[in-house]
Amino acid sequence: MSSTASLTLQTALGARFRGARARTMELTEPLTPEDMMVQSCPEASPAKWHMAHTTWFFESFVLREFLADYRVFNPDFAWLFNSYYESFSAFPEKRLRASFSRPGIDEVLRYREHVDDAMERLFEREPEPEALRRIELGVNHEEQHQELLLTDVLNAFFTNPLRPKYRDQGTEGTREKECRERGSKGARERAETGPLGFTEFAGGLHEAGHAGGGFCFDNELPRHRVWLEPYMLANRLVTCGEYAEFMADGGYRKPELWLSAGWDAVKANGWRAPLYWTEKDSAWNVFTLRGEIPLGQLEATPVSQVSYYEADAYAHWAGKRLPTEFEWEAAAEVQPAEGNLLDSWDLMPVPAKELGQSANHRHLYGDCWQWTASAYLGYPGFKPLDGSLGEYNGKFMSGQMVLRGGSCVTPARHIRSSYRNFFSPETRWQFSGIRLAS
Ligand SMILES: [Fe+2]
């Protein structure tokens with residue numbers, strides 16, 4: 001790479017780093033220090049932990065190795081805020097993160113500042129290519145935690161008997177308000193969601209995985225050939241109204257619709273609706289980051305917070321199936337990665353506009369991650385990153401399903417057609433929804 005090209009990359013990366021760090025802080029603005037302590041389910045983490053752990057990533061994988069005179073902020077943080085990197089250090093049990101009343105929020109903020117200042121010193125010194133690669137990974141890592149921060153706050157507020165709103169219109173910053181108004185205006189201009197339509201795809205030999213330049217995670221490589229039989233893909237996500245019909249038809253009481261492990265989960269957890277649906281006086285409400293909303297107002301809104309098992313049972317009930325990750329990718333690769341993502345500030349799924357024959361299935365990205373029928377595995381020839389960072393994705397390649405497309409809380413620049421999210425099939429606290437295929 002020429003030194004000019006390298007300098008351009010460094011400048012762009014510096015801007016992206018600052019943007020990501022500022023965005024995390026912006027997301028915590030509506031939270032009190034007490035809110036930032038809550039870990040309401042074992043798979044979630046307190047906001048304060050997300051703030052510290054994303055900082056730990058830069059300190060551990062960038063500054064300690066690439067900034068010669070870097071002074072570690074607090075030696076204990078090296079293991080305290082390690083999430084799961086076994087080869088890096090020991091770390092505390094995940095389910096105990098709500099116990100970290102110390103360090104206090106002020107000290108975590110000082111930690112962020114300390115690391116941000118050191119990163120600026122590193123940027124001034126023209127970091128070597130490996131340092132730039134790690135910084136880019138760290139920025140993408142922080143963006144992933146921005147989504148988790150919001151899904152974890154939603155869970156925390158749902159379990160709070162007062163059911164607080166993360167955001168309502170009165171508490172927004174000007175920029176956020178402008179973005180949201182633009183987004184909502186767009187949503188209003190969309191016509192009512194029409195009947196579910198399907199687009200036909202010819203199938204054949206396709207390539208899957210990340211292509212060309214730009215960042216991707218190790219699990220998106222290598223690009224490789226896949227064979228697809230002809231298939232049909234729904235032109236929008238399944239809505240709350242449609243999902244309510246499945247429920248009213250006894251969907252949660254018919255074992256014949258469910259995978260065996262899914263039926264076990266229904267019985268063990270008493271599932272009878274998506275995670276944040278509650279019934280009061282025979283009427284359902286849905287809890288969102290904008291508070292509790294009657295189901296009646298969400299008929300055309302994509303259903304969210306369902307497990308893979310629920311998505312699969314719904315598809316079975318509808319006489320359809322879930323797409324494979326490669327069917328989804330072949331359709332999405334030719335579409336711009338646009339949709340209701342975090343940057344529209346809707347903070348919840350919104351209804352899709354009615355799609356005509358020629359509309360070319362535009363709603364592939366955003367609103368909710370879409371469960372696919374594909375198990376999360378390494379692609380042929382998959383090679384994890386070297387060293388501790390090899391634990392980032394590769395070691396989770398068992399017992400999880402792939403989700404595609406991003407959600408209403410995924411930063412817009414974070415998503416792409418080859419992006420693979422993954423969760424275990426019973427997971428419900430993410431913005432996970434349903435796209436049908438046949
Ligand atoms: Fe992490």
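Read-outs throughout are calculated quantities, based only on the coordinates presented, and are distinct from any laboratory measurement. Everything quoted here is computed from the prediction, not taken from an experiment. Cβ atoms come from the backbone with ideal geometry, glycine included; neighbour counts cover every protein chain shown.
Within the stretch 48-60, residues that are within 11 Å of Val108 (Cβ to Cβ) and touching a residue at least 24 places away in the same chain (Cβ under 8 Å) reach partners that are aliphatic (A, V, I, L, M) and in a helix (DSSP H, G or I) with beta carbons closer than 6 Å, at six or more positions or on different chains, in the pairs Lys48/Met36; Lys48/Ile105; Lys48/Val108; His50/Leu149; Met51/Val108; Ala52/Val108; Thr55/Val115. Under the condition of being out of contact with any Cys (no Cβ under 9 Å at 6 or more places or on another chain) and assigned to a strand (DSSP E or B), the residues counted in the stretch 283-311 number 8. Would it be correct to say that Arg416 is part of a loop (DSSP other than H, G, I, E, B), out of contact with any Leu (no Cβ under 9 Å at 6 or more places or on another chain) and not small (Gly, Ala, Ser)? Yes: the conditions hold for Arg416.
Yes or no: Asp117 without any contact (Cβ under 8 Å) to a residue 24 or more places away in the chain and under 30 Å from Ala5 (Cα atoms)? So Asp117 fits the description; yes.
From the list Ser87, Ser99, which one is without any contact (Cβ under 8 Å) to a residue 24 or more places away in the chain, hydroxyl-bearing (Ser, Thr, Tyr) and more than 14 Å from the ligand (Cβ to nearest atom)? Sole residue among the options that is without any contact (Cβ under 8 Å) to a residue 24 or more places away in the chain, hydroxyl-bearing (Ser, Thr, Tyr) and more than 14 Å from the ligand (Cβ to nearest atom): Ser99. In the set Phe58, Phe73, Phe100, only one residue is closer than 25 Å to Gly394 by Cα and among the aromatic types (Phe, Trp, Tyr); that residue is Phe58.
Of all the residues in the stretch 211-246, those that are touching a strand residue (DSSP E or B) at 6+ places or on another chain (Cβ under 6 Å) and part of a loop (DSSP other than H, G, I, E, B) number 3.
For the stretch 52-79, what are the residues that are away from the ligand (no atom under 16 Å from the Cβ) and either assigned to a helix (DSSP H, G or I) or of a type in the set (S, T, N, Q) (or both)? Correct list: Leu63, Arg64, Glu65, Phe66, Asn74.
Conditions (1) more than 16 Å from the ligand (Cβ to nearest atom); (2) of a type in the set (Ser, Thr, Tyr); (3) part of a helix (DSSP H, G or I), marked per residue:
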{"residue": "Arg112", "(1), (2), (3)": "no, no, yes"}
{"residue": "Asp116", "(1), (2), (3)": "yes, no, yes"}
{"residue": "Phe123", "(1), (2), (3)": "yes, no, yes"}
{"residue": "Pro127", "(1), (2), (3)": "yes, no, no"}
{"residue": "Leu137", "(1), (2), (3)": "no, no, yes"}
{"residue": "His141", "(1), (2), (3)": "no, no, yes"}
{"residue": "Asn155", "(1), (2), (3)": "yes, no, yes"}
{"residue": "Phe158", "(1), (2), (3)": "yes, no, yes"}
